Amino acid sequence: MRLVLAAMPWQAIHRPSLPVGLLHSLVRQQCPGVEVVEYHGGIRWAEYMMSVGDLAPSDYTRVADNGVFQGLGDLVFSGALYDDPQWRAAELRAIAKSFGFDTATVLRMRALTAGFVESAAAEVLLPEPDVVGFTSTFMQNVPSLALARRLKELRPDLQVVFGGANCDGPMGHALHRNHRYVDFVVRGEGEEVFPALLDRIHSGAGVADIPGVCWWDGERSVANPQPTRSVAPGKIPIPDFDGWRDTLEGSPAREHISPELVVESSRGCWWGEKHHCTFCGLNGSLMAFRSKSAEQFWTELRTLVERYRILDVAMVDNIFDMAYLKTLLPRLAAAGWDLRIHYEIKSNMRADQLAALREAGIVLVQPGIESLNGRVLKIMDKGVDGASNVRVLRDCEDLHMTVDWNYLYGFPGERPEDYRGVIAQIPALVHLQPPQGESRILLERFSPNFDRPELGFARREPAAFSRYVYNLPDAELEDLVYFFDCDDGGITGDVVDALCAALDRWRRDYPGSFLIMDDRGGEIVVDDRRAGWAGARHRLSGWHADAYRALSRRRTVPGLRTRLEGNGHTVAESELRGMAAGAPRQRPGLRGRRRLGGAGHHRGADEARRGRRGQREGDGVSGPATAGRFVRLGAEHAEQTLAFISRLRDGLAEHTVPEWHGELLPTLSWTLLCHLPPPSEGEGDVLRWRRRFRIGLCHYRQGPGFIQVKDLREEPVSLLLDDPVVVAVFLRCLRPTPLRLLTSGELEAVHALTAERLLVRLGHSVVTLPHRMKRWPVPAYAV
């Protein structure tokens, strides 16, 4: 028996399909007689658009990343589904235009879909499969249905199976009964059901007793009851991403893609089990939280990183398992790998817990902030308040952790005054990471807002775009779709406009804003360089300094007074309220400390000023190795030059951007060094160096037995070093190394690395040029 597992557009092309990887591994373990072939339709569609349509992978990514809430990806393929290139073309054009997509590009995509489906069908049928299994989430439905329909036209005996998040609950039965060419649909988790279904297909036996399966009884669609028991984490295998890797490595789109691994350590949501956030439908029919043991997950992650030589990891968990702070994170930190992991967390994590995440390589977090108003957060049932959300933004900024978040509004029961206070305080927050965007909440299937009309969304109907995507009546769409239209709740009009304008200003002002706290023991110095504020340096001592330290976390005024009394200060509550309110007579420019839980950066001056976002000149401090020196760089001063390059490079790994003075001699090219901090002044090549420099321009990351190098000094180049001798030489030459000390094999590695501009040779010694990415700039994906 031969099985093709297919992941169609709009699967992210820089990541493997986790469902395909899991099912491939599972079938290999439990169905040894089944040969598995994979079809990665996202990559193939990107290739097809490049070769036939003269479009770029970035055009694919733009729709995949930003089109889901408008159904744009499905609508692009609906013409292929219904054999009508002009299917709802006017609506397609209007949706693309209204949401900022290039309409010519989107219409060009539509024109290409029919030819792509023919090409995909030929490739899928080439190995003569008995079964084709489609995994479908969000905008994969219509591309998958279009291909499934064509496959059944070409091979009527072929068995077509659908599964995935788009098939959960009533959606799966609706998809099945409205598309006769879909033989089976698996609703719910597939680890136990799918192997059993393959066995029945192979033997020709019935499937009426397999939980969650939709099947045909003549012309009648039958939906077996969905399983109520979740799959135990121990039964979830390590995914097999070989097929994705091989497809990607052989693709012309590869040079445009920085690959990431997709991994899961848990399913469900431990917070949602207690308090289901009212707007969230992501856990579908199974909310029960279960996580892999630290040993199981560590083994899985280590296996994947070692096998695929990838250090970027996207976790698909809906929430971080807090037990991992003690069980998993120490293992990740001890490994010494330069991982860049994205995790969803709860926004009430403490600074020490966030620091543990960072040390383990979790440098991108999605804390589910959603709002900065406590009353609105209570309506959402988030279990946090606005001060906690500001605190996590502040602590993540301190720790060089990138925060992904969006501002949500439109909750029934919210009031204009819930937003006016936030809008008024946003100018004080411009040194913290702003939301990527803001939007009115959508009504999602499985959310409390959907299941409980009494929460404020009494009217609901399938999202308008779904009527353009599918040629189905509303009664069927009500069961098929995930997104619904409803009456607007909460704020409207001028308040929405004011909120959006304030958030736009925040995003505009953030890159140039700083508010830095330097605790010197006897006093605190706050350096305020926020956009829109008069630049100032504030000095706090005595009870003011102790109060400021105490406000590193939110406190009531009585609680702050009690804390100060414990430190020997007797302060009237009226004075504390004056400080909290930012009264000019008390501490001008220190507004919002009490309300916002402390907005300063809690670290020493040197660390605080070392190019916090790592991209601008003039924000560094002098390091002891370089301060006050005039350095001449060139072959004429080979030994001193190599040593100095080594110090600059190592400091940059910690985001130290020193001020130094020097001269670049003609015997050394500035293009080799432009990733390192330049001299503080100079003309000619030095000026070009100064203009080109930014953190991450040429850096390396270390994994188990390999090194990744990203070089953007000239043409973008990504290199993987996994030859043991090459890796050893690269690391040895982090210190200036005389060539006479190297073996012949090591000298060959030196020549290869020098040819790639990763080593520089001056005189009879060499040194490694790329700096290690130990501390990421914000945002971390900028490099």
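Worth pointing out:
- Just so you know, the Cα atoms of the chain work out to an Rg and Dmax of 28.8, 87 Å.
- Acute angle (nearest 10 degrees) that the helix 89-98 long axis makes with the longest principal axis of the chain, alpha-carbon atoms: 20
- Diffusion coefficient, µm² s⁻¹, Stokes-Einstein with Kirkwood Rh over alpha-carbon pairs of the range 254-343 at 20 °C and 1.002 mPa s: 148
- Surface share of carbon and sulfur [accessible, 1.4 angstrom probe, percent] for the range 699-783: 55
- Listed pairs K292/K382; K274/K774; K235/K274; K235/K382; K326/K382 exceeding 29 Å between Cα atoms: K274/K774; K235/K382
- Label-to-label distance, nm, for residues given as L720 and L325 (7 Å Cα→Cβ offset): 3.6
- Relative to the longest principal axis of the Cα atoms of the chain, helix 72-81 runs at roughly 30 degrees.
- Accessible-area composition of the range 413-482, carbon plus sulfur, in percent [1.4 Å probe]: 51
- Inter-label distance for A498 and D54, nm, one decimal - labels placed 7 Å from Cα along Cα-to-Cβ: 5.0
- Antiparallel content of DSSP bridges confined to the chain, in %, to 5: 50
- Looking at the range 67-214 alone, DSSP beta bridges between its own residues are antiparallel in about 20 percent of cases.
- Note on the chain: dipole from Cβ charges, positive end direction compared against S230, A12, F457; the farthest Cα belongs to F457.
- Accessible area per residue, Å², the chain with all protein chains present, probe 1.4 Å: 40
- Of the trypsin sites (Lys or Arg not before Pro) in the range 149-246, the ones in a loop by DSSP (not H, G, I, E or B) with at most 14 other beta carbons within 10 Å are R180, R229.
- Length added when fully stretched, L741-Y181, from 0.36 nm per residue minus Cα-Cα: 194.7 nm
- Pairwise centroid distance, computed over Cα atoms, of the range 323-376 with the range 88-145, Å: 37
- Kirkwood Rh and Cα Rg combined as Rg over Rh, evaluated for the range 182-335: 1.03
- For the range 99-197, the convex hull drawn through the C-alpha positions has a volume of 120 cubic angstrom per residue.
- Normalising by residue count, the range 432-569 has a Cα convex hull of 193 Å³ per residue.
- Accessible area of the range 239-321 belonging to carbon and sulfur atoms, whole % at 1.4 Å probe: 48
- Cysteines (scope the chain) whose Cβ has no counterpart Cys Cβ under 4.7 Å: C31, C167, C214, C269, C396, C486, C500, C674, C698, C733
- Over the C-alpha trace of the range 45-152, radius of gyration and Dmax come out as 13.6, 43 angstrom.
- Kirkwood Rh (inverse of mean 1/r, distinct Cα pairs), the range 30-73, angstrom: 12.4
- The distance separating the Cα centre of the range 716-783 from that of the range 258-306 comes to 37 Å.
- On Cα atoms only, tilt of 294-308 relative to the major axis of the chain in degrees: 90
- Cleavage-rule hits, trypsin sites (Lys or Arg not before Pro), the range 447-483, DSSP coil, Cβ neighbours within 10 Å at most 13: R459
- The tail of the calculated P(r) for the range 654-717, taken as Cα-Cα distances beyond 13 Å, holds 65 percent of the pairs.
- Counting every C-alpha pair in the range 649-762, the share spaced more than 24 angstrom apart comes to 29%.
- Spin-label pair H275/E359, simplified geometry with 7 Å Cα→Cβ offset, distance in nm: 2.9
- The chain - charge dipole about Cα centre, Lys and Arg +1 at Cβ, Asp and Glu -1, debye rounded to 20: 2960
- For Y308 and A464, the difference between the fully extended length at 0.36 nm per residue and the C-alpha to C-alpha distance is 52.0 nm.
- The Rg/Rh ratio of the range 166-260, with both radii computed over alpha carbons and Rh defined as the Kirkwood radius, is 1.09.
- Karplus-derived HN-Hα couplings along the range 693-709 (A = 6.51, B = -1.76, C = 1.60, θ = phi - 60°), whole Hz, x at Gly and Pro: 5, 7, 5, x, 5, 8, 9, 10, 9, 9, x, x, x, 8, 9, 9, 10
- Segment R563-L734, extension gain: residue separation times 0.36 nm, minus the distance between their alpha carbons: 56.7 nm
- For the range 639-763: relative contact order, % (alpha-carbon pairs under 8 angstrom, 6 or more apart): 19
- When nucleic acids and ligands are ignored and a 1.4 Å probe is applied, D84 ends up with an accessible area of around 60 Å².
- Top positive-direction residue, dipole computed over the chain with Cβ charges, set G383, I423, P448: I423
- Magnitude of the charge dipole, the range 108-238, Cβ model with Lys/Arg +1 and Asp/Glu -1, debye to 20: 480
- Per-residue ellipticity at 222 nm computed for the chain from its helices equals -11500 deg cm²/dmol, with DSSP H segments shorter than 4 residues left out and the rest contributing -39,500 (n - 2.57).
The values are calculated or read from the model by the stated rules, or taken from the named source; none is laboratory data. The structure displayed is predicted, hence computed values, not measured ones. Here Cβ is always computed from backbone atoms with ideal geometry, including for glycine, and neighbour counts include all displayed protein chains. In case anyone asks, the SASA skips ligands and DNA or RNA and just uses the protein heavy atoms, side chains included. Shrake-Rupley method; radii C 1.70, N 1.55, O 1.52, S 1.80 Å.
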